[in-house]
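Below is one structure, written out as structure tokens; the observations come after it.
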Ligand SMILES: [Zn+2]
């Protein structure tokens with residue numbers, strides 16, 4: 001179970017954000033945003049620290065395009081199914 005930025009970074013996870021602004025804020029009609037971007041894990045770990053819980057990343061982010069705080073964050077393990085190569089016993093890949 002990965003719970004912190006440091007662990008996710010060790011596992012080469014990638015992080016994507018998506019803006020949830022649907023343009024329905026207040027009475028004013030704004031254009032929908034739905035901004036998407038991949039964030040840089042190294043920068044996040046550097047600025048938030050290795051012990052920062054990944055469950056709380058979203059509440060610290062803002063959409064760079066519209067400035068809203070309703071941001072959804074998705075973590076994606078690498079294509080090797082998130083297996084940490086250093087934790088895999090020798091010969092495991094040969095099976
Ligand atoms: Zn936005």
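The values are calculated or read from the model by the stated rules, or taken from the named source; none is laboratory data. Treat the numbers as computed from the prediction; the structure is a model and nothing was measured. Here Cβ is always computed from backbone atoms with ideal geometry, including for glycine, and neighbour counts include all displayed protein chains.
Determine whether residue 82 is surrounded by 14 or more Cβ atoms within 10 Å (Cβ to Cβ) and modelled with pLDDT under 90.
Values: surrounded by 14 or more Cβ atoms within 10 Å (Cβ to Cβ): yes; modelled with pLDDT under 90: yes.
Yes; evaluated as a whole, the condition is true for this residue.
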Original post:
residue 26 fails exactly one of the following numbered conditions: (1) exposed (fewer than 13 other Cβ atoms within 10 Å of the Cβ); (2) modelled with pLDDT of 90 or more. What is the number of that condition?
Top reply: (2)
Original post:
Which pairs do you get when a residue that is within 10 Å of the ligand (Cβ to nearest atom), found in the range 58-78, comes within reach of a residue that is part of a helix (DSSP H, G or I), reach meaning Cβ atoms under 8 angstrom, with the pair 6+ apart or on two chains?
Top reply: 69/59; 71/58
